[in-house]
Amino acid sequence: MTQPMSSGNMQALVGTTQGNTYTLDRLLHEGRHGALFEAKQIRLGYRCAVRLLTIDPAQRKPLLAALSQQAQLHHPALIAAIDTMLLSEDRLLIATPLLTGQDLAARVAGQGKLSLSEGLLVLRAVAGALYALHQRGLCHGGLQARNVFLARFEDVTVDGALGGGQGNQRVCLIDGGLYLASGGSAAAADDQAALAKIIADTVSDVPPSLQSVLAQAQHPSVNQRFQSMQALWLAAETSQGRKTAGAQPTALVGALRLPTVETKGSRWPLLAVAISFLILAGVIAAVGLKRSQPSPEAVRLVSKSATESEQVTIQLELSPDSARITVDGKVAKTPLQLPRSDKSLPLLIEADGYLSVHSKIVPDRDRSLHITLAPAAAAEAAEPSKRRSKSRKK
């Protein structure tokens, strides 16, 4: 059973370092589940919340098992323990993230009840966190408005739906499973009824359709309540005329655990796993290399069909622009569209006042050609100079 602690004893712990890891800076709360401190992790320097409670050894194992399973869950609204430590005198230390904000009870006391839209946000987040717990066979076991925390966080947007002009806030479920410290018992149906009561008590404008859903979740007969938190949420959404889709049980995804060398008698299993992995990697590599080498025939066929077309395009850039093109005795225009071939075709380029160009062209690929015709007058003027040059030589 959890043992009570005096306020004087707890206040005296402020400034001490527990387990050579956590320095207690401030006493936040003290109740039947021990004392809660704001603390600092001395090695990494981050702030956290540390709970100290004296617990009976018979209750220690179930509580630690529940906290361990919670730590393996991944849900944005579920705040799980990040560390546990057994201290002297059967005192247990539980470290959790330090949240900035206020719990739902303080929010309602300071600002009044939530609107319907805010209440649905709380219902959605807490129902999701409880659903993740229930999928693992766990329960919160002590759900109240003070266990629903509205935590502030930094974001690019100015204000969130629950911010109230004070920044963005997200809904978090805290202190799950602490009922095990006092040897209590709880069921998923208890969490369902507790959540429905929280929504009914903290939301101001609950419509009749949603009231009937919350009433069913709190039915005195457990068999008359919803089968799961998911069913409760779907019913709440349907009561507001919204189309819903069931969530997938992602909370059931576990972690792969391999034997460690430190564990007694575990060296051979670890060695067997390593050898099996190497063999599997070799088989995969061999199959991959074999498949990655296509046959030469396949390469030839793919290359021919993918890179070659039946025609080639040859762009002729002519000077002057008025030049006429004749290919294989046929008048043509640029760009030339010719059947692909390795055989040369006669090419004639001519223009009035210019010397003609006789050449050949091979239509084996796409390309561009620059052809400039020489003026006829310049050629005629060059003839006398050639003749005078020849006479001097004589």
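I'd like the residue in the stretch 25-75 that is farther than 16 Å from Gly141 by Cβ and of a type in the set (Val, Ile, Thr) and, out of all such residues, is modelled with the lowest pLDDT.
Checked the stretch 25-75; the qualifying residue modelled with the lowest pLDDT is Thr54.
Just to be sure I understand, how many residues within the stretch 312-327 are surrounded by 13 or more Cβ atoms within 10 Å (Cβ to Cβ) and free of Cβ contacts under 8 Å to residues at least 40 places away in the same chain?
The total comes to 4.
Rundown of residues vs (1) among the small types (Gly, Ala, Ser); (2) more than 24 Å from Arg107 (Cα to Cα), yes/no style:
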| position | (1), (2) |
| --- | --- |
| Ile198 | no, no |
| Thr202 | no, no |
| Asp205 | no, no |
| Leu210 | no, no |
| Leu214 | no, no |
| Gln218 | no, no |
| Ser221 | yes, yes |
| Phe226 | no, yes |
| Ala231 | yes, yes |
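Yes or no: Pro62 in a loop (DSSP other than H, G, I, E, B) and surrounded by fewer than 18 Cβ atoms within 10 Å (Cβ to Cβ)?
Values: in a loop (DSSP other than H, G, I, E, B): no; surrounded by fewer than 18 Cβ atoms within 10 Å (Cβ to Cβ): yes.
When the stated conditions are applied, Pro62 does not pass them.
Do you know which residues across the stretch 32-59 are in contact with a Cys (Cβ under 7 Å, 6 or more places away or on another chain) and either within 20 Å of Leu180 (Cα to Cα) or buried (at least 21 other Cβ atoms within 10 Å of the Cβ) (or both)? First the steps, then the outcome.
Pass one, the stretch 32-59, residues in contact with a Cys (Cβ under 7 Å, 6 or more places away or on another chain): 39, 41.
Once the filter is applied, which keeps residues that are in contact with a Cys (Cβ under 7 Å, 6 or more places away or on another chain) and either within 20 Å of Leu180 (Cα to Cα) or buried (at least 21 other Cβ atoms within 10 Å of the Cβ) (or both), the stretch 32-59 yields only Ala39.
Taking the stretch 102-146 on its own, how many of its residues are of a type outside the set (S, T, N, Q), surrounded by fewer than 19 Cβ atoms within 10 Å (Cβ to Cβ) and not in a helix (DSSP H, G or I)?
4
Could you list, in sequence order, all residues of the stretch 9-46 that are free of Cβ contacts under 8 Å to residues at least 24 places away in the same chain, charged (D, E, K, R) and part of a loop (DSSP other than H, G, I, E, B)?
Arg43
Determine whether the stretch 97-109 contains at least one residue that is more than 30 Å from Leu210 (Cβ to Cβ) and either without any contact (Cβ under 8 Å) to a residue 60 or more places away in the chain or not hydrophobic (A, V, I, L, M, F, W, C) (or both). If you could, list the steps in order and put the result at the bottom.
Filtering the stretch 97-109 for residues more than 30 Å from Leu210 (Cβ to Cβ) gives 97-98, 100.
Subset that is either without any contact (Cβ under 8 Å) to a residue 60 or more places away in the chain or not hydrophobic (A, V, I, L, M, F, W, C) (or both): 97, 100.
There is at least one residue in the stretch 97-109 that is more than 30 Å from Leu210 (Cβ to Cβ) and either without any contact (Cβ under 8 Å) to a residue 60 or more places away in the chain or not hydrophobic (A, V, I, L, M, F, W, C) (or both).
Which of the residues belonging to the stretch 75-86 are assigned to a loop (DSSP other than H, G, I, E, B) and within 18 Å of Leu178 (Cα to Cα)? First the steps, then the outcome.
We begin by selecting, within the stretch 75-86, every residue assigned to a loop (DSSP other than H, G, I, E, B); these are 75-77, 79-82.
Ala77, Ile79, Ala80, Ala81, Ile82, listed by residue number.
The values are calculated or read from the model by the stated rules, or taken from the named source; none is laboratory data. Predicted model only: the values in this text are computed from it and were never measured. Note that we place each Cβ from the backbone using ideal geometry, even for glycine, and neighbour counts take in every protein chain shown.
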